[in-house]
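The values are calculated or read from the model by the stated rules, or taken from the named source; none is laboratory data. Here the structure is a predicted model, which means the values were calculated and not measured. Cβ sites come from the backbone with ideal geometry, for glycine too, and all protein chains shown count toward neighbours.
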Amino acid sequence: MSGRSRGRTRRLAARARRAATRKRRLLGEGPGYAGRQAAVLLALAGLLAVASLPNQPRQTTPLLIIAAADLSLAALAWVTPWERWGPNGPLVLVLPVMVILGFSTWVFGGFAAGTGPFFVLSFAWLGLHFPARVSFWTAPLALVAYVVPLAVTHQSQQVLSSAVVLLPIAVGVGWIIATQVAHLRAAREQVRAVERWRAALTSALAHDVRSPLTTIRMTLHLLNRSGDDLPAQRRTTMLATAERQTLRIQRLAETLLDADRVDTRGGLRLDRQTVLVQEVARDAVGYLETQDVRIDVGPDLTAYADRARLEQIMVNLVGNALRHGAPPVAVFAERRPDGSVRIEVRDHGPGIPQPRRDRLFTRFGSTGAGSVGLGLWIARELTRAHGGDLTYHAADPGACFRLTLPAPPLTEP
């Protein structure tokens with residue numbers, strides 16, 4: 001490629017970057033974009049006022065005043081650093097805009113093609129950048145800006161009644177746009193949350209699957225090389241370890257399947273029966289291979305539940321306490337006077353900060369490293385499938401998760 005061609009390519013690339021920069025400066029969300037878009041609309045109004053001069057020779061002076069006001073306000077709106085004023089900073093433009101529209105209404109005497117479209121356009125701008133309630137708050141100001149000039153110029157009753165049609169339409173346009181924008185923003189945030197969750201899921205799966213697979217692979221390798229020479233007790237221990245790691249992978253797969261079944265109406269099935277809570281708690285803690293958990297459950301305490309699901313719930317709760325809290329972790333259970341069973345899992349860590357509690361049981365609520373944010377969500381959904389509930393309570397110190405299972409039916413199926 002010649003030097004001239006390279007230079008031309010660089011110029012074209014630089015021009016494309018400048019165009020993209022200009023586009024980014026005008027299109028987007030936030031107070032800066034709202035201010036610049038208002039500047040464009042004001043500049044358009046000013047230019048239209050100038051363009052109307054040949055057709056309105058008797059209104060030259062008012063049109064020049066309107067054009068000068070629009071263009072001056074447009075320049076101010078463009079250069080103002082709205083980001084420093086907060087998200088609602090550009091709302092200060094509403095007052096001067098309504099003053100200009102009021103003056104224009106006085107000049108044109110309610111001519112529909114004069115100021116009506118700009119009232120609607122103003123509310124459309126409000127809907128794009130601010131909550132729907134702002135349109136309703138601005139309605140009285142727009143009513144004054146439109147009706148008072150008509151009344152001062154002694155317009156007919158028919159012209160005055162146009163406000164009954166124009167302003168509700170303008171407010172409705174602002175409300176519809178604001179509602180739709182809010183819906184799209186929520187959907188976009190949901191997509192972003194899904195993408196963050198998917199990235200965390202991939203990372204966590206790589207860790208959670210690789211670790212047990214490494215253990216299984218090493219066990220099989222040792223058994224293959226010197227299985228006959230190993231003492232029987234050693235072989236039994238190694239096989240038990242490999243089996244536990246296999247169950248760990250299986251449980252992870254079941255958790256992911258449960259996440260899909262919860263989303264599918266009727267997809268989650270429970271095999272409920274009378275189970276010993278102490279046995280379920282011991283199996284759950286044994287799966288985690290830890291000595292930092294104390295089980296305070298009577299040997300005769302029973303619950304009417306799906307044993308595998310209840311164990312999964314307790315694994316999630318105890319595992320969460322070990323991972324995010326501090327030992328000792330205690331598992332306590334009792335039967336309440338109404339026949340229901342309450343199970344508590346408590347740690348002695350720092351607890352959960354208040355800002356995180358509202359999202360604690362959501363699908364994407366976890367922000368911890370290596371966590372996919374499914375554990376507590378799945379635990380609560382499984383509990384609710386039993387007809388119970390799972391709640392968080394601050395302990396002193398630590399965090400306490402309280403699981404409540406309803407009393408069994410009088411006649412078990």
Residue pairs qualifying under the 7 Å Cβ cut-off, at least six apart or on distinct chains, with the first in segment 270-292 being in contact (Cβ under 8 Å) with a residue 60 or more places away in the chain and the second being surrounded by 14 or more Cβ atoms within 10 Å (Cβ to Cβ) and of a type in the set (S, T, N, Q), are 274/302; 277/302
**Asked** Do we have any residue at all in segment 40-55 that's at pLDDT below 85 and out of contact with any Ser or Thr (no Cβ under 7 Å at 6 or more places or on another chain)?
**Response** yes
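Does segment 47-65 hold any residues that are surrounded by fewer than 13 Cβ atoms within 10 Å (Cβ to Cβ) and either assigned to a helix (DSSP H, G or I) or aromatic (Phe, Trp, Tyr) (or both), and which are they?
Scanning segment 47-65 gives 51, 57, 58, 60, 61.
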Subset of segment 289-306, residues over 15 Å from residue 404 (Cα atoms) and surrounded by fewer than 18 Cβ atoms within 10 Å (Cβ to Cβ), comes to 289, 290, 291, 292, 294, 295, 296, 298, 299, 300
Scanning segment 279-322 residue by residue, the ones that are charged (D, E, K, R) and in a loop (DSSP other than H, G, I, E, B) total 3
Would it be correct to say that residue 326 is under 28 Å from residue 253 (Cα atoms), in a strand (DSSP E or B) and touching a residue at least 40 places away in the same chain (Cβ under 8 Å)?
no
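Tell me whether segment 92-104 contains one or more residues that are outside any helix (DSSP H, G or I), touching a helix residue (DSSP H, G or I) at 6+ places or on another chain (Cβ under 8 Å), in contact (Cβ under 8 Å) with a residue 12 or more places away in the chain and crowded, with 21+ Cβ neighbours inside 10 Å.
no
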Of 104, 72, 52, the only residue that is in contact with a Phe, Trp or Tyr (Cβ under 9 Å, 6 or more places away or on another chain) and not aliphatic (A, V, I, L, M) is 104
Expected single match for at pLDDT 75 or above and β-branched (Val, Ile, Thr) among 60, 21 is 60
Reported set for segment 330-367 where residues are touching a helix residue (DSSP H, G or I) at 6+ places or on another chain (Cβ under 8 Å), without any contact (Cβ under 8 Å) to a residue 40 or more places away in the chain and within 26 Å of residue 407 (Cα to Cα) is 361
